[in-house]
Amino acid sequence: MLSDKEKKMILDICNRLTPIAATIGADALNLFIVYPGAKTYFSHLDISPRSTHLRSHGEKIILAIVEAAQDISQLTETLATLQTLHAYTLRIDPGKFKQLFSHCLLITLACYLQDDFTEVAHAAMDKYLSAFVAVLAEKYR
Amino acid sequence: MVEWSDSERNIITSIFSSLDYDDIGPKALCRCLIVYPWTQRYFGGYGNLYNATAIKSNPLIAAHGVKVLHGLDRAVKNMDDIKATYAELSVLHSEKLHVDPDNFRLLADCLAIVIAGKMGPAFTSEIQAALQKFVAVVVNALGRQYH
């Protein structure tokens, strides 16, 4: 359950990320160093740290998270195309979204926002990302 | 047995030797209690946990956070046998404290986030990888004696 206050906090954080989406995205995707098993899904891209592919891919992901934050009550509608893509084409193990990507994104946010990433902001973002990844995985089965 | 590279050992000892335990310990525990409120179930006797402000100004929680973080020292000093080092603590958490071992992972995640927040851009992926590996071994060791 997201309160109005939490939705506002999430939106504020997301809007701060928009101009640096590629950097944040690339940093979060450094999860490939932390969890090398995840690299198996990206054999078609150059995912070395700070590579062009990593930045552009990271930017796409962050901008999708930012877009969905504009109206969290419409998550299913906003993510419909991405749901299909992940379920039928990409088929990334959905458990990885939460364990790996969400956690690494939260770590990246802690590094960038430092003291601004308060416990309450962290809780709100964690709740939002949990909802986001759950909806993203809805079409898998 | 867990294999540690020289780099991983250096990273872990370096992180812990420069940690302010009195700051990071309370912050990690408070963050866990706030972000994952169901973990408060184990802190019934700790006074006011009503909201984030109360938790952050609760001296019993702060003291406990410091204690827990110092508990990690044992693992840092015995990286080659963390399992044996924590056998007794594992029994304590299982038999006496009745803590669901999944909670260790939640606290470990919060600790990583607090350390990341403190180090900012200096918290590289290599450091994160070493820290995550370390806490995963600790979490596993603490859950070992649950039957």
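Every read-out reported here was derived from the displayed coordinates using simple, explicitly stated rules and does not represent laboratory data. It should be emphasised that the depicted structure is a prediction, and the values quoted were computed from it without experimental measurement. Using ideal geometry, Cβ is built from the backbone for each residue, glycine included, and neighbour counts are taken over all protein chains shown.
Using just its DSSP H runs of length 4 or more, each adding -39500 (n - 2.57), chain B gives a mean residue ellipticity at 222 nm of -20500 deg cm²/dmol after division by all residues.
Dividing the helix sum by the residues of chain A, where each DSSP H run of 4 or more adds -39500 (n - 2.57), gives a mean residue ellipticity at 222 nm of -17000 deg cm²/dmol. For A:Lys8, a cut-off of 18 angstrom between C-alpha atoms picks up these lysines, skipping any fewer than 8 places away in its own chain: A:Lys127. Once the chymotrypsin sites (Phe, Trp or Tyr not before Pro) in DSSP loops with at most 16 neighbouring Cβ atoms within 10 Å are cut out of chain B, the longest remaining piece is B:51-145. Note on B:Lys67: lysines with a C-alpha under 28 Å away, same-chain residues under 8 apart excluded, are B:Lys27, B:Lys56, B:Lys77, B:Lys83, B:Lys96, B:Lys118, B:Lys133.
The Rg/Rh ratio for the range A:1-89, using Cα coordinates for both the radius of gyration and the Kirkwood hydrodynamic radius, is 1.02.
Top mean-square fluctuation among B:Ala28, B:Ala84, B:Ala122, Gaussian network model of chain B, C-alpha springs under 10 Å? Checking each option, the largest mean-square fluctuation is seen for B:Ala122. Scattering from chain B was approximated by placing one identical point on each alpha carbon and applying the Debye formula without solvent; log10 I(q)/I(0) at 0.13 1/Å stands at -0.57. Taken residue by residue and averaged, Cβ atoms of other chains lying within 10 Å of the Cβ of A:104-112 number 6. Taking a cut-off of 12 Å between Cα atoms, list the aspartates and glutamates near A:Lys98, but don't count ones fewer than 8 places away on the same chain. In chain and number order, the partners are A:Asp126.
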